[in-house]
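Student: Below are the C-alpha coordinates for one structure; questions will follow.
The values are calculated or read from the model by the stated rules, or taken from the named source; none is laboratory data. If you're wondering where the values come from, they're calculated on a predicted model, not measured in any experiment. Here the Cβ positions follow ideal geometry from the backbone for every residue, glycine too, while neighbour counts run over all protein chains shown.
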(Lines give C-alpha, C1' and ligand atoms only; values in the text may rest on other atoms or scores of the structure.)
Protein backbone atom coordinates (compact mmCIF):
# COMPACT_ATOMS: atom_id res chain seq x y z
CA UNK A 1 0.00 0.00 0.00
CA UNK A 2 2.84 2.37 0.91
CA UNK A 3 4.57 1.66 -2.43
CA UNK A 4 1.40 2.44 -4.37
CA UNK A 5 0.96 5.69 -2.44
CA UNK A 6 4.61 6.65 -3.06
CA UNK A 7 4.24 5.84 -6.77
CA UNK A 8 1.23 8.13 -7.17
CA UNK A 9 2.90 10.87 -5.09
CA UNK A 10 5.97 10.81 -7.35
CA UNK A 11 3.77 10.67 -10.43
CA UNK A 12 1.88 13.75 -9.25
CA UNK A 13 5.09 15.61 -8.42
CA UNK A 14 6.77 14.87 -11.73
CA UNK A 15 3.57 15.61 -13.61
CA UNK A 16 3.26 18.98 -11.90
CA UNK A 17 6.93 19.78 -12.51
CA UNK A 18 6.74 18.69 -16.15
CA UNK A 19 3.56 20.66 -16.70
CA UNK A 20 5.13 23.85 -15.34
CA UNK A 21 8.17 23.42 -17.57
CA UNK A 22 6.03 22.67 -20.60
CA UNK A 23 4.21 25.94 -19.97
CA UNK A 24 7.52 27.82 -19.61
CA UNK A 25 9.12 26.25 -22.68
CA UNK A 26 5.95 26.79 -24.69
CA UNK A 27 5.95 30.50 -23.87
CA UNK A 28 9.70 30.97 -24.38
CA UNK A 29 9.65 28.94 -27.62
CA UNK A 30 6.82 31.11 -28.90
CA UNK A 31 8.74 34.30 -28.10
CA UNK A 32 11.91 33.05 -29.78
CA UNK A 33 9.95 32.19 -32.92
CA UNK A 34 8.25 35.58 -32.93
CA UNK A 35 11.66 37.26 -32.68
CA UNK A 36 12.97 35.16 -35.57
CA UNK A 37 10.01 36.14 -37.76
CA UNK A 38 10.86 39.83 -37.30
CA UNK A 39 14.49 39.44 -38.39
CA UNK A 40 14.94 40.75 -41.92
CA UNK A 41 15.50 38.22 -44.66
CA UNK A 42 16.86 41.02 -46.82
CA UNK A 43 15.14 43.85 -48.68
CA UNK A 44 15.92 47.22 -50.22
CA UNK A 45 16.24 48.89 -46.80
CA UNK A 46 17.18 46.27 -44.19
CA UNK A 47 19.99 43.83 -44.88
CA UNK A 48 19.49 40.18 -44.03
CA UNK A 49 19.88 39.65 -40.29
CA UNK A 50 18.92 43.16 -39.16
CA UNK A 51 15.91 43.81 -36.94
CA UNK A 52 13.64 46.62 -38.13
CA UNK A 53 13.18 49.60 -35.85
CA UNK A 54 11.49 52.97 -36.11
CA UNK A 55 12.05 56.50 -34.86
CA UNK A 56 9.92 59.61 -34.50
CA UNK A 57 7.36 61.26 -32.26
CA UNK A 58 4.36 61.50 -34.56
CA UNK A 59 5.04 59.98 -37.96
CA UNK A 60 7.48 57.10 -37.47
CA UNK A 61 10.24 56.47 -39.98
CA UNK A 62 12.05 53.18 -40.54
CA UNK A 63 15.55 53.34 -39.08
CA UNK A 64 18.38 50.97 -40.05
CA UNK A 65 20.64 50.99 -36.99
CA UNK A 66 22.81 48.31 -35.40
CA UNK A 67 21.87 49.24 -31.82
CA UNK A 68 18.71 47.17 -31.43
CA UNK A 69 20.02 44.21 -33.41
CA UNK A 70 23.20 44.04 -31.32
CA UNK A 71 21.43 44.23 -27.94
CA UNK A 72 19.01 41.53 -29.10
CA UNK A 73 22.01 39.34 -30.00
CA UNK A 74 23.71 40.15 -26.68
CA UNK A 75 20.60 39.20 -24.69
CA UNK A 76 19.91 36.02 -26.65
CA UNK A 77 23.49 34.86 -26.16
CA UNK A 78 23.01 35.23 -22.41
CA UNK A 79 19.67 33.40 -22.44
CA UNK A 80 20.26 30.53 -24.87
CA UNK A 81 21.53 28.02 -22.28
CA UNK A 82 18.23 28.39 -20.41
CA UNK A 83 16.12 27.76 -23.50
CA UNK A 84 14.99 24.46 -24.98
CA UNK A 85 17.33 22.82 -27.49
CA UNK A 86 15.44 24.00 -30.58
CA UNK A 87 15.02 27.56 -29.30
CA UNK A 88 18.70 27.67 -28.36
CA UNK A 89 19.63 26.75 -31.93
CA UNK A 90 17.28 29.42 -33.29
CA UNK A 91 18.83 31.98 -30.92
CA UNK A 92 22.27 31.04 -32.27
CA UNK A 93 21.13 31.49 -35.86
CA UNK A 94 19.59 34.88 -35.03
CA UNK A 95 22.87 36.04 -33.48
CA UNK A 96 24.93 34.84 -36.45
CA UNK A 97 22.66 36.85 -38.73
CA UNK A 98 23.10 39.99 -36.65
CA UNK A 99 26.88 39.66 -36.29
CA UNK A 100 27.32 39.26 -40.05
CA UNK A 101 26.13 42.87 -40.39
CA UNK A 102 28.64 44.50 -38.05
CA UNK A 103 31.06 45.22 -40.89
CA UNK A 104 28.52 47.67 -42.38
CA UNK A 105 28.64 49.82 -39.22
CA UNK A 106 32.40 49.72 -38.75
CA UNK A 107 34.39 52.96 -38.83
CA UNK A 108 34.85 53.95 -42.46
CA UNK A 109 38.64 54.24 -42.01
CA UNK A 110 38.82 50.56 -41.04
CA UNK A 111 39.60 50.90 -37.32
CA UNK A 112 37.63 48.64 -34.99
CA UNK A 113 35.06 51.06 -33.64
CA UNK A 114 31.41 51.04 -34.63
CA UNK A 115 28.65 53.49 -35.37
CA UNK A 116 24.93 53.52 -34.67
CA UNK A 117 24.25 53.76 -38.41
CA UNK A 118 25.91 52.35 -41.53
CA UNK A 119 29.15 54.14 -42.34
CA UNK A 120 30.30 53.47 -45.89
CA UNK A 121 28.54 55.37 -47.30
CA UNK A 122 27.11 57.14 -44.23
CA UNK A 123 23.40 56.47 -43.73
CA UNK A 124 22.52 58.55 -40.67
CA UNK A 125 18.93 59.55 -39.96
CA UNK A 126 17.55 57.70 -43.01
CA UNK A 127 14.38 59.10 -44.58
CA UNK A 128 14.92 62.51 -42.96
CA UNK A 129 15.08 65.27 -45.57
CA UNK A 130 16.76 67.63 -43.11
CA UNK A 131 18.91 65.59 -40.71
CA UNK A 132 20.32 63.11 -43.22
CA UNK A 133 21.73 65.92 -45.39
CA UNK A 134 23.57 67.84 -42.69
CA UNK A 135 26.90 66.41 -41.51
CA UNK A 136 26.40 68.08 -38.13
CA UNK A 137 23.96 65.25 -37.35
CA UNK A 138 26.31 62.50 -38.54
CA UNK A 139 27.24 61.14 -35.12
CA UNK A 140 30.70 59.70 -34.44
CA UNK A 141 31.23 56.10 -33.38
CA UNK A 142 30.08 55.49 -29.84
CA UNK A 143 31.06 53.46 -26.77
CA UNK A 144 27.57 52.01 -26.34
CA UNK A 145 27.42 50.19 -29.67
CA UNK A 146 31.10 49.23 -29.46
CA UNK A 147 30.72 47.65 -26.02
CA UNK A 148 27.77 45.49 -27.07
CA UNK A 149 29.29 44.55 -30.43
CA UNK A 150 32.54 43.49 -28.76
CA UNK A 151 30.54 41.47 -26.21
CA UNK A 152 28.75 39.54 -28.97
CA UNK A 153 31.42 39.02 -31.64
CA UNK A 154 34.21 36.62 -30.63
CA UNK A 155 36.26 37.59 -33.70
CA UNK A 156 36.95 40.91 -31.97
CA UNK A 157 38.50 39.36 -28.84
CA UNK A 158 42.04 40.15 -29.93
CA UNK A 159 41.09 43.85 -30.09
CA UNK A 160 39.65 44.11 -26.57
CA UNK A 161 42.66 45.86 -25.01
CA UNK A 162 42.86 48.16 -28.03
CA UNK A 163 39.24 49.22 -27.49
CA UNK A 164 39.82 49.77 -23.78
CA UNK A 165 42.77 52.02 -24.60
CA UNK A 166 40.61 53.84 -27.15
CA UNK A 167 37.91 54.39 -24.51
CA UNK A 168 40.54 55.79 -22.13
CA UNK A 169 41.79 58.24 -24.76
CA UNK A 170 38.28 59.67 -25.10
CA UNK A 171 37.46 59.69 -21.39
CA UNK A 172 36.90 62.90 -19.48
CA UNK A 173 39.98 65.13 -19.19
CA UNK A 174 42.08 62.92 -21.49
CA UNK A 175 41.97 65.71 -24.08
CA UNK A 176 38.67 67.50 -23.53
CA UNK A 177 36.80 68.18 -20.31
CA UNK A 178 33.09 67.63 -19.86
CA UNK A 179 30.74 70.59 -19.52
CA UNK A 180 27.39 68.86 -19.92
CA UNK A 181 27.10 67.64 -16.33
CA UNK A 182 26.99 68.94 -12.76
CA UNK A 183 30.11 70.77 -11.58
CA UNK A 184 30.60 68.15 -8.86
CA UNK A 185 31.04 65.47 -11.57
CA UNK A 186 33.36 67.35 -13.94
CA UNK A 187 36.61 66.07 -12.42
CA UNK A 188 35.77 62.38 -12.71
CA UNK A 189 37.98 60.80 -15.38
CA UNK A 190 35.07 58.59 -16.36
CA UNK A 191 34.29 57.10 -19.76
CA UNK A 192 32.49 59.21 -22.36
CA UNK A 193 29.72 58.14 -24.72
CA UNK A 194 31.49 59.33 -27.85
CA UNK A 195 34.60 58.80 -29.91
CA UNK A 196 35.56 61.48 -32.42
CA UNK A 197 38.38 64.01 -32.14
CA UNK A 198 36.26 67.09 -31.57
CA UNK A 199 33.16 65.51 -30.04
CA UNK A 200 32.33 66.88 -26.56
CA UNK A 201 32.67 64.52 -23.62
CA UNK A 202 29.32 63.20 -22.41
CA UNK A 203 28.42 61.07 -19.39
CA UNK A 204 25.51 58.64 -19.66
CA UNK A 205 25.07 56.27 -16.73
CA UNK A 206 23.60 53.53 -18.97
CA UNK A 207 26.41 53.74 -21.50
CA UNK A 208 28.93 53.62 -18.65
CA UNK A 209 27.21 50.51 -17.31
CA UNK A 210 27.62 48.86 -20.70
CA UNK A 211 31.29 49.83 -20.87
CA UNK A 212 31.89 48.35 -17.41
CA UNK A 213 30.04 45.18 -18.45
CA UNK A 214 32.49 44.88 -21.37
CA UNK A 215 35.46 45.44 -19.03
CA UNK A 216 34.37 42.99 -16.32
CA UNK A 217 33.08 40.32 -18.69
CA UNK A 218 36.45 40.23 -20.44
CA UNK A 219 38.39 40.46 -17.15
CA UNK A 220 40.40 43.37 -18.51
CA UNK A 221 42.91 45.14 -16.25
CA UNK A 222 41.28 47.99 -14.36
CA UNK A 223 42.62 51.53 -14.56
CA UNK A 224 41.80 55.00 -13.23
CA UNK A 225 38.99 55.40 -15.78
CA UNK A 226 37.24 52.28 -14.53
CA UNK A 227 37.59 53.46 -10.92
CA UNK A 228 36.36 56.93 -11.84
CA UNK A 229 33.38 55.54 -13.75
CA UNK A 230 32.39 53.33 -10.82
CA UNK A 231 32.79 56.28 -8.44
CA UNK A 232 30.67 58.49 -10.70
CA UNK A 233 27.90 55.90 -10.88
CA UNK A 234 28.02 55.49 -7.11
CA UNK A 235 27.70 59.23 -6.59
CA UNK A 236 24.69 59.38 -8.92
CA UNK A 237 23.03 56.57 -6.99
CA UNK A 238 23.76 57.84 -3.48
CA UNK A 239 22.63 61.38 -4.38
CA UNK A 240 19.42 60.05 -5.94
CA UNK A 241 20.15 61.93 -9.17
CA UNK A 242 19.93 58.72 -11.17
CA UNK A 243 16.19 58.67 -10.39
CA UNK A 244 15.15 62.29 -10.00
CA UNK A 245 17.35 63.58 -12.85
CA UNK A 246 17.24 60.46 -15.00
CA UNK A 247 16.83 62.35 -18.29
CA UNK A 248 19.93 64.44 -17.56
CA UNK A 249 22.30 61.73 -16.30
CA UNK A 250 21.22 59.45 -19.16
CA UNK A 251 20.39 61.54 -22.21
CA UNK A 252 20.03 58.49 -24.43
CA UNK A 253 17.77 56.40 -22.16
CA UNK A 254 16.08 59.00 -19.92
CA UNK A 255 13.84 56.78 -17.77
CA UNK A 256 14.57 55.63 -14.18
CA UNK A 257 13.27 52.16 -15.11
CA UNK A 258 15.82 51.80 -17.92
CA UNK A 259 18.68 53.08 -15.76
CA UNK A 260 17.70 50.57 -13.06
CA UNK A 261 17.58 47.84 -15.71
CA UNK A 262 21.18 48.60 -16.76
CA UNK A 263 22.41 48.72 -13.17
CA UNK A 264 20.72 45.43 -12.26
CA UNK A 265 22.10 43.77 -15.40
CA UNK A 266 25.62 44.80 -14.41
CA UNK A 267 25.39 44.08 -10.68
CA UNK A 268 23.38 40.90 -11.21
CA UNK A 269 26.38 39.49 -13.06
CA UNK A 270 29.45 41.04 -11.40
CA UNK A 271 30.61 41.74 -7.89
CA UNK A 272 31.91 45.31 -7.86
CA UNK A 273 32.89 45.92 -4.21
CA UNK A 274 32.71 49.72 -4.51
CA UNK A 275 29.01 49.43 -5.43
CA UNK A 276 27.98 46.86 -2.83
CA UNK A 277 26.48 49.49 -0.52
CA UNK A 278 24.32 50.67 -3.46
CA UNK A 279 22.64 47.32 -4.01
CA UNK A 280 19.91 47.77 -1.41
CA UNK A 281 19.22 51.31 -2.63
CA UNK A 282 18.79 50.06 -6.20
CA UNK A 283 16.55 47.21 -5.06
CA UNK A 284 14.28 49.55 -3.08
CA UNK A 285 14.11 52.02 -5.96
CA UNK A 286 13.06 49.20 -8.31
CA UNK A 287 10.32 48.19 -5.87
CA UNK A 288 9.14 51.80 -5.59
CA UNK A 289 9.08 52.24 -9.37
CA UNK A 290 6.98 49.08 -9.67
CA UNK A 291 4.52 50.47 -7.14
CA UNK A 292 4.11 53.59 -9.32
CA UNK A 293 2.16 51.50 -11.86
CA UNK A 294 4.40 52.08 -14.89
CA UNK A 295 3.53 51.02 -18.42
CA UNK A 296 3.62 47.28 -19.05
CA UNK A 297 7.02 47.12 -20.79
CA UNK A 298 8.52 49.12 -17.94
CA UNK A 299 7.01 46.59 -15.53
CA UNK A 300 8.76 43.88 -17.54
CA UNK A 301 12.23 45.40 -17.25
CA UNK A 302 11.70 46.41 -13.62
CA UNK A 303 10.54 42.90 -12.72
CA UNK A 304 13.57 41.37 -14.43
CA UNK A 305 15.77 43.87 -12.61
CA UNK A 306 14.24 43.08 -9.24
CA UNK A 307 14.85 39.35 -9.76
CA UNK A 308 18.49 40.08 -10.58
CA UNK A 309 18.81 42.09 -7.37
CA UNK A 310 17.45 39.21 -5.32
CA UNK A 311 13.83 40.33 -5.08
CA UNK A 312 10.55 38.61 -5.93
CA UNK A 313 8.21 40.71 -8.07
CA UNK A 314 4.56 39.82 -8.53
CA UNK A 315 3.97 37.67 -11.64
CA UNK A 316 3.07 39.76 -14.65
CA UNK A 317 -0.24 39.38 -16.44
CA UNK A 318 0.16 40.01 -20.15
CA UNK A 319 -2.31 42.69 -21.28
CA UNK A 320 -4.77 42.09 -24.09
CA UNK A 321 -3.29 45.12 -25.87
CA UNK A 322 0.30 43.81 -25.75
CA UNK A 323 0.96 44.82 -29.36
CA UNK A 324 0.09 48.42 -28.57
CA UNK A 325 2.23 48.37 -25.41
CA UNK A 326 5.23 47.23 -27.46
CA UNK A 327 4.47 49.69 -30.23
CA UNK A 328 4.72 52.64 -27.84
CA UNK A 329 7.66 51.51 -25.70
CA UNK A 330 10.69 53.80 -26.03
CA UNK A 331 13.93 52.23 -24.80
CA UNK A 332 16.37 54.58 -26.50
CA UNK A 333 16.45 58.22 -27.63
CA UNK A 334 18.73 60.19 -29.91
CA UNK A 335 19.08 63.44 -27.99
CA UNK A 336 20.59 65.68 -30.63
CA UNK A 337 22.02 68.40 -28.42
CA UNK A 338 22.75 66.46 -25.20
CA UNK A 339 26.58 66.72 -25.50
CA UNK A 340 26.15 70.50 -25.49
CA UNK A 341 23.64 70.68 -22.64
CA UNK A 342 24.30 72.40 -19.31
CA UNK A 343 22.78 71.78 -15.85
CA UNK A 344 20.94 75.10 -16.10
CA UNK A 345 19.19 73.73 -19.20
CA UNK A 346 18.39 70.26 -17.88
CA UNK A 347 14.69 71.08 -18.10
CA UNK A 348 15.13 70.69 -21.87
CA UNK A 349 16.31 67.11 -21.37
CA UNK A 350 13.28 66.37 -19.21
CA UNK A 351 10.92 67.92 -21.74
CA UNK A 352 12.42 65.77 -24.55
CA UNK A 353 12.29 68.71 -26.95
CA UNK A 354 15.35 67.55 -28.86
CA UNK A 355 14.98 63.83 -28.13
CA UNK A 356 14.02 61.51 -30.97
CA UNK A 357 12.45 58.29 -29.62
CA UNK A 358 13.27 54.87 -31.11
CA UNK A 359 11.11 51.75 -31.13
CA UNK A 360 11.75 48.07 -31.84
CA UNK A 361 9.17 45.32 -31.48
CA UNK A 362 11.79 42.55 -31.64
CA UNK A 363 13.60 44.13 -28.67
CA UNK A 364 10.33 44.21 -26.71
CA UNK A 365 9.84 40.49 -27.39
CA UNK A 366 13.43 39.85 -26.30
CA UNK A 367 12.76 41.69 -23.04
CA UNK A 368 9.68 39.50 -22.50
CA UNK A 369 11.78 36.40 -23.17
CA UNK A 370 14.42 37.63 -20.73
CA UNK A 371 11.76 38.11 -18.05
CA UNK A 372 10.34 34.62 -18.62
CA UNK A 373 13.81 33.05 -18.35
CA UNK A 374 14.78 35.00 -15.23
CA UNK A 375 11.57 34.30 -13.34
CA UNK A 376 11.73 30.57 -14.09
CA UNK A 377 15.29 30.05 -12.98
CA UNK A 378 15.56 27.68 -9.99
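Student: Residues of the stretch 207-252 being touching a helix residue (DSSP H, G or I) at 6+ places or on another chain (Cβ under 7 Å), outside any loop (DSSP other than H, G, I, E, B) and over 30 Å from residue 292 (Cβ atoms), which ones?
Tutor: Within the stretch 207-252, 214, 215, 217, 225, 226 meet the criteria.
Student: Could you tell me whether the stretch 170-190 includes any residue that is crowded, with 22+ Cβ neighbours inside 10 Å and within 19 Å of the chain's Cα centre (by Cα)?
Tutor: no
Student: Looking at (1) buried (at least 21 other Cβ atoms within 10 Å of the Cβ); (2) modelled with pLDDT of 95 or more; (3) more than 22 Å from residue 269 (Cβ to Cβ), can you tell me which one residue 369 breaks?
Tutor: Of (1) buried (at least 21 other Cβ atoms within 10 Å of the Cβ); (2) modelled with pLDDT of 95 or more; (3) more than 22 Å from residue 269 (Cβ to Cβ), only one is false for residue 369: (3).
Student: Give the residue, chosen from 244, 284, 254, 312, that is touching a strand residue (DSSP E or B) at 6+ places or on another chain (Cβ under 7 Å) and either surrounded by 16 or more Cβ atoms within 10 Å (Cβ to Cβ) or more than 26 Å from residue 169 (Cβ to Cβ) (or both).
Tutor: 254
Student: Could you list, in sequence order, all residues of the stretch 28-83 that are farther than 20 Å from residue 154 by Cα, under 17 Å from the mean Cα position of the chain (by Cα) and assigned to a helix (DSSP H, G or I)?
Tutor: Scanning the stretch 28-83 gives a single hit, 35.
Student: Restricting to the stretch 290-312, count the residues that are closer than 29 Å to residue 231 by Cα and in contact (Cβ under 8 Å) with a residue 40 or more places away in the chain.
Tutor: Total satisfying the criteria: 11.
Student: Of all the residues that make up the stretch 328-356, how many are modelled with pLDDT of 95 or more and either out of contact with any helix residue (DSSP H, G or I) (no Cβ under 8 Å at 6 or more places or on another chain) or farther than 30 Å from residue 88 by Cα (or both)?
Tutor: 2
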